[in-house]
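The values are calculated or read from the model by the stated rules, or taken from the named source; none is laboratory data. Small disclaimer: the values here were computed from a predicted structure and weren't measured. Cβ atoms come from the backbone with ideal geometry, glycine included; neighbour counts cover every protein chain shown.
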Amino acid sequence: MPKLRDSEKIGAESETLPHKLVEGWPVQDAADLGKIVKRFRKSQGLAIDDAAALSSVSQDSYSRLERASGGIGTDRLFAILDSLGLEMQLVDKSRGMHAATSEIIKRFES
């Protein structure tokens with residue numbers, strides 16, 4: 001595993017992340033996640049029933065994720081993301097893009 005800078009470490013024990021974070025799509029809520037999943041599914045030319053079968057989840061669960069209309073288990077969520085070639089990354093808001101953008105805005109407002 002590559003050595004990470006202090007800014008890339010998490011937790012009180014300075015546990016390192018498995019790999020560096022990359023640019024992606026910010027997800028603020030279930031609706032954002034559903035839109036991204038739907039966009040990726042369609043970009044791969046998959047009907048929802050085919051995508052559900054590939055990820056070994058029910059069509060109902062897949063549809064609920066895309067519509068953000070009811071929760072699905074994390075195991076199902078990760079199966080869907082994996083079947084689309086996606087992964088989830090968690091970013092500390094105080095160090096991520098949101099913090100940087102806020103700082104730039106503050107400078108221009110002064």
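Within the stretch 78-110, restricting attention to residues that are surrounded by 11 or more Cβ atoms within 10 Å (Cβ to Cβ), among the hydrophobic types (A, V, I, L, M, F, W, C) and at pLDDT below 70, which residue is nearest to Lys42 (Cα to Cα)? Applying the filter and picking the extreme gives Met97.
Please go through the stretch 53-86 and give me each residue that is among the hydrophobic types (A, V, I, L, M, F, W, C) and within 23 Å of Gly24 (Cβ to Cβ), ordered by number. Result: Leu54, Val57, Leu65, Ala68, Ile72, Leu77, Phe78, Ala79, Ile80, Leu81, Leu84, Leu86. Within the stretch 78-93, residues that are among the acidic types (Asp, Glu) have Cβ atoms under 7 Å from residues that are surrounded by 14 or more Cβ atoms within 10 Å (Cβ to Cβ) and outside any loop (DSSP other than H, G, I, E, B) in these pairs: Glu87/Leu81, counting only partners at least 6 apart in sequence or on another chain. On the stretch given as the stretch 38-66, residues that are β-branched (Val, Ile, Thr) and at pLDDT below 95 total 0.
Suppose the filter is free of Cβ contacts under 8 Å to residues at least 12 places away in the same chain and surrounded by fewer than 17 Cβ atoms within 10 Å (Cβ to Cβ); does Asp75 pass it? The answer is yes for Asp75.
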